[in-house]
Structures are given as structure tokens and as C-alpha cells.
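Trainee: Please find one structure pasted underneath; my questions will follow.
The values are calculated or read from the model by the stated rules, or taken from the named source; none is laboratory data. Treat the numbers as computed from the prediction; the structure is a model and nothing was measured. Quick reminder, even Gly has a Cβ in these numbers, built from the backbone with ideal geometry, and neighbours come from all protein chains shown. Keep in mind that these areas ignore ligands, DNA and RNA; they rest on the heavy atoms of the full protein, side chains included. Shrake-Rupley method; radii C 1.70, N 1.55, O 1.52, S 1.80 Å.
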Amino acid sequence: MKILLSSLLLLVSTAHAGLVGLDNQELGEINGQGGADLSWTLSLNHKITTDGSLSREYDNCSGASTEYCRLAISPNNRKDASGNMYWLVFKQLQGTLQLEKFQLDGVSIGDGTRTALQLRFGIDDKGNYLQPLKIRNFGYSALQIEKDSGATTTTAASPANKGYLNKKVYGGVDDANTVKTSSVFDQGKETGFTGLNIHGNLAIAGTVKVFGCNGSNGRC
């Protein structure tokens with residue numbers, strides 16, 4: 001045990017002896033370069049594929065009710081006189097986005113005395129074309145303004161009465177869960193006044209540089 005402890009102390013002393021301090025001038029003379037190639041994928045409410053391809057098929061929240069595949073926003077917390085909140089609801093929100101390759105590295109800017117963090121996409125530093133932004137069935141089926149029910153001036157609506165959970169669809173009659181319509185196209189679909197679906201590739205190229213500066217720099 002004493003021999004082992006002595007050996008460890010010797011190793012530590014040897015490693016410590018190799019460390020030396022550097023002043024500002026010595027640090028300024030050190031050059032280095034590095035970076036990383038990255039990829040990014042975002043998938044919302046899409047089925048997982050088994051062949052490695054991008055997801056593009058709506059998953060209906062993995063079998064749950066469609067009201068849980070939504071994005072609801074309440075701008076300025078707008079309410080009616082009774083305290084029921086209004087919601088801007090994006091129904092059946094879905095989509096997959098993928099940026100297969102982009103680069104992160106450091107670069108010199110200005111007169112070379114300042115270093116910036118650089119994010120490069122679309123084209124690399126040698127002019128080689130990188131992958132586009134891939135968009136697969138990104139959007140929503142309907143956009144609707146919904147309102148809570150059951151609120152009072154002192155009590156908020158219960159979770160079950162939140163407007164963003166309304167389940168109304170178009171049908172042949174008017175009742176608690178159906179809005180009457182003569183349109184064959186809208187039968188059985190969630191109520192709303194517009195939809196959006198984007199499918200394709202978007203070619204983008206450029207760089208984003210992040211750096212610190214003070215009042216002496218014209219960009220600050």
C-alpha cells in the first residue's frame with residue numbers, strides 16, 4: 001500500500017510539474033481551429049418510421065383524442081365579462097422539420113483581433129452545397145377562435161371547460177358536438193376557418209455570427 005501511494009504521489013507531482021502559466025502575449029500567439037457538423041430534426045404528432053425515412057404521416061397523438069394535438073394561444077389573456085378566456089387554437093398540429101447538416105465553428109472577424117461563434121448552413125467554407133431544410137406535412141388542419149365556458153368573475157373555468165378542448169366538428173345537424181353544414185368536403189372535420197400544410201424542401205444558405213463587443217465597435 002505504501003509503495004502504491006508513493007507511486008501515485010509521484011505521478012501527480014510529475015503531471016503538476018508540466019503545467020506552466022501563460023501571459024496575455026503568449027495566449028495571443030496560440031492558434032487553434034475546431035468545429036462540429038450537426039443535424040437537427042423536429043417531429044410533431046407524426047408516426048415513427050421503421051425504414052429510416054422522415055416521418056410524414058399524422059399520428060392523432062398516438063391514438064389519443066385529437067384535442068391533445070393542438071397549440072392554443074391566448075393573446076393578452078383576453079376574456080369576456082364573465083371571465084371566460086378566448087383562445088386562438090391550431091387544431092391537429094403536425095409536421096416534421098429536418099436540417100440534415102449545418103456547421104458550428106469559430107471565426108475571426110473585423111481586423112482579426114476578435115473571435116466569433118459561427119453557425120453556417122446551406123453551404124460550407126469550401127463552397128460545397130449542404131442539405132436543404134426538409135419540410136414534411138408541416139401545418140394544421142383548422143384555425144379557430146374558441147372560448148372557455150363556466151367561468152365567473154371570481155372563478156376560472158375548470159380544465160374540462162377550457163375552450164381549446166372543444167370537440168365540435170361539421171355535420172348534418174346542429175347540436176352540442178356538431179355544427180351544421182351542407183358541405184360534403186367538411187363533414188366530420190374539426191371546425192375552423194383555415195388550414196395550412198407545407199411539404200417540400202427549402203434551400204437556405206448563410207451564416208450567423210455571435211460575438212461580444214463594446215462601444216468601440218460600430219455594430220454595437
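Trainee: Please label the shape of the stretch 89-207 as rounded, prolate or oblate, based on the square roots a ≥ b ≥ c of the eigenvalues of the alpha-carbon gyration tensor (a/c under 1.5 means rounded; beyond that, a/b larger than b/c means prolate, else oblate). List each step's numbers first, then the result.
Mentor: Details: a/c = 5.52, a/b = 2.18, b/c = 2.53.
Here the stretch 89-207 falls in the oblate category.
Trainee: May I pose another question? Spelling out what I want: for every residue of the stretch 120-136, take phi, set θ = phi - 60°, compute 6.51 cos²θ - 1.76 cosθ + 1.60 (Karplus), and round to whole Hz; glycine and proline get x.
Mentor: Once rounded to whole Hz, the list reads 10, 9, x, 8, 8, 6, 9, x, 6, 6, 9, 5, x, 6, 8, 10, 10.
Trainee: So which of Lys162/Lys189; Lys47/Lys209; Lys79/Lys189; Lys47/Lys189; Lys47/Lys147 end up more than 25 Å apart, counting from Cα to Cα?
Mentor: Lys47/Lys209; Lys79/Lys189; Lys47/Lys147
Trainee: While we're looking at this one, here's another question. Order the peptides 98-107, 169-178 from the highest to the lowest mean number of other Cβ atoms within 10 Å of their residues. Write out the running numbers ahead of the final one.
Mentor: Numbers: 98-107: 16.6, 169-178: 12.1.
My ranking of the peptides, most packed first, is 98-107, 169-178.
Trainee: What does the extension gain come out to for Ser108 and Gln187, with contour length at 0.36 nm per residue minus their alpha carbon separation?
Mentor: 22.5 nm
Trainee: Moving on to the next point. Find the accessible area per residue for the stretch 141-196; the probe is 1.4 Å, ligands and nucleic acids are left out, and the unit is Å². Provide the component values of the computation, followed by the final result.
Mentor: Working: 3540 Å² over 56 residues.
Accessible surface, normalised per residue, equals 63 Å².
Trainee: Would you mind classifying the stretch 43-147 by shape? Square roots of the alpha carbon gyration tensor eigenvalues, ordered a ≥ b ≥ c; an a/c under 1.5 is rounded, otherwise it is prolate if a/b is larger than b/c and oblate if not. All intermediate terms of the calculation are to be shown ahead of the outcome.
Mentor: Details: a/c = 4.23, a/b = 1.63, b/c = 2.59.
It comes out oblate by the Cα gyration axes.
Trainee: Continuing with this model, one more query. Would you mind classifying the stretch 95-160 by shape? Square roots of the alpha carbon gyration tensor eigenvalues, ordered a ≥ b ≥ c; an a/c under 1.5 is rounded, otherwise it is prolate if a/b is larger than b/c and oblate if not. Could you put the intermediate results ahead of the total?
Mentor: Values: a/c = 5.84, a/b = 2.22, b/c = 2.64.
Oblate is the answer for the stretch 95-160, as a/c is 1.5 or above yet b/c matches or exceeds a/b.
Trainee: With a 1.4 Å probe and every protein chain kept in, tell me what percent of the accessible surface of the stretch 35-142 is carbon plus sulfur.
Mentor: With neighbouring chains kept in place, the figure for the stretch 35-142 is 50 percent.
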